[in-house]
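Inspection log for the structure reproduced underneath, given as structure tokens.
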């Protein structure tokens, strides 16, 4: 019996669960479908490149990122936590969520990345800062259809539809998964660099509403300010002050999606004394003003 015959028989069994037509019938109310746009799919099999990418551009992304581990387990640092992405599991990272990677296998790594844009939708909040979810049969079938469409069709018109189904599946699975309330290290402890980056990001995330000094962070981490500055630059090649400013501006980018907030309110929420100081810092990092950034979103 071939695969097609098996699928036909499975479809028949599923159809038997559907009642026969008995007028007058009434349709079921349906939720508004998710409509991803501007898809980009790529795979990563180079652990070194992936780890370096997470350190070099942890705060730059403004797109959704769905990561599926097809082979190899590793740590994913998301905002203020580290979770394990095991083989056959996936995790959804929302726009402006800081993320990096650690404890990746030197060989046999195959992670599939699916990135996309989407209008603000409260349903994605169910997937914020959750543990990865395991792909079941339905999830795998949808993922296979998505990858097949992307690799086979010159213009993959069905890919957004398959991704919409996959996202809906992921959100439902995420609701059943406990949230990350604290840093959770992988079974094999990550490198010290990854631990330090996760702790820095955790402090920055929890204090993103205010401007704080590096010495405050160093004191919280139990080390001297000079040692923290040296270690962070050695680890990332950039200053910790620049990293923290970008972290706060990333939070501002997230708030700019809410058009009900004035620029002055966003500046205050990010801990800036004046809209002028906020706009100057924002322009220095993003090369455009907050109002110009907002216009590009809509």
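Going residue by residue through the range 136-143, is there one that turns out to be in contact with a helix residue (DSSP H, G or I) (Cβ under 7 Å, 6 or more places away or on another chain) and at pLDDT below 80? Among the residues of the range 136-143, not one is in contact with a helix residue (DSSP H, G or I) (Cβ under 7 Å, 6 or more places away or on another chain) and at pLDDT below 80, which makes the answer no. The residue that is nearest to residue 68 (Cα to Cα), counting only those in the range 1-17 that are assigned to a loop (DSSP other than H, G, I, E, B) and modelled with pLDDT under 80, is 2. The residues of the range 59-84 that are outside any loop (DSSP other than H, G, I, E, B) and at pLDDT below 90, listed by number, are 74, 75, 76, 77, 78, 81, 82, 83, 84. The number of residues in the range 261-286 being under 22 Å from residue 120 (Cβ atoms) and out of contact with any helix residue (DSSP H, G or I) (no Cβ under 7 Å at 6 or more places or on another chain) comes to 3. Screening the range 193-260 for helices (runs of 4 or more DSSP H) wholly inside it with 3 or more residues that are surrounded by 13 or more Cβ atoms within 10 Å (Cβ to Cβ), outside the structural domain of residue 273 (by TED's automatic domain parsing) and out of contact with any helix residue (DSSP H, G or I) (no Cβ under 9 Å at 6 or more places or on another chain) returns no ranges. Only one entry in 277, 281 is surrounded by fewer than 17 Cβ atoms within 10 Å (Cβ to Cβ) and free of Cβ contacts under 8 Å to residues at least 60 places away in the same chain, namely 277.
The single condition among (1) under 16 Å from the mean Cα position of the chain (by Cα); (2) surrounded by 15 or more Cβ atoms within 10 Å (Cβ to Cβ); (3) assigned to a helix (DSSP H, G or I) that residue 96 does not satisfy is (3). Looking at the range 44-55, I want the residues that are part of a strand (DSSP E or B) and have a partner that is at pLDDT below 80 with Cβ atoms under 9 Å, at least 6 apart or on another chain. Which pairs are those? Short answer, once both residue conditions are applied: 44/50; 44/53.
Of all residues in the range 106-155, those being touching a residue at least 40 places away in the same chain (Cβ under 8 Å), under 18 Å from residue 38 (Cβ atoms) and not in a helix (DSSP H, G or I) number 10. Of the residues making up the range 157-166, just one is over 21 Å from residue 30 (Cβ atoms) and either in contact (Cβ under 8 Å) with a residue 40 or more places away in the chain or outside the structural domain of residue 112 (by TED's automatic domain parsing) (or both), namely 159. Scanning the range 272-283 for residues that are under 25 Å from the mean Cα position of the chain (by Cα) and within 16 Å of residue 241 (Cα to Cα) yields 281, 282.
Among the residues of the range 99-118, those identified as surrounded by fewer than 16 Cβ atoms within 10 Å (Cβ to Cβ) and more than 17 Å from residue 166 (Cα to Cα) are 105, 106, 107, 108, 110.
The values are calculated or read from the model by the stated rules, or taken from the named source; none is laboratory data. Treat the numbers as computed from the prediction; the structure is a model and nothing was measured. Note that we place each Cβ from the backbone using ideal geometry, even for glycine, and neighbour counts take in every protein chain shown.
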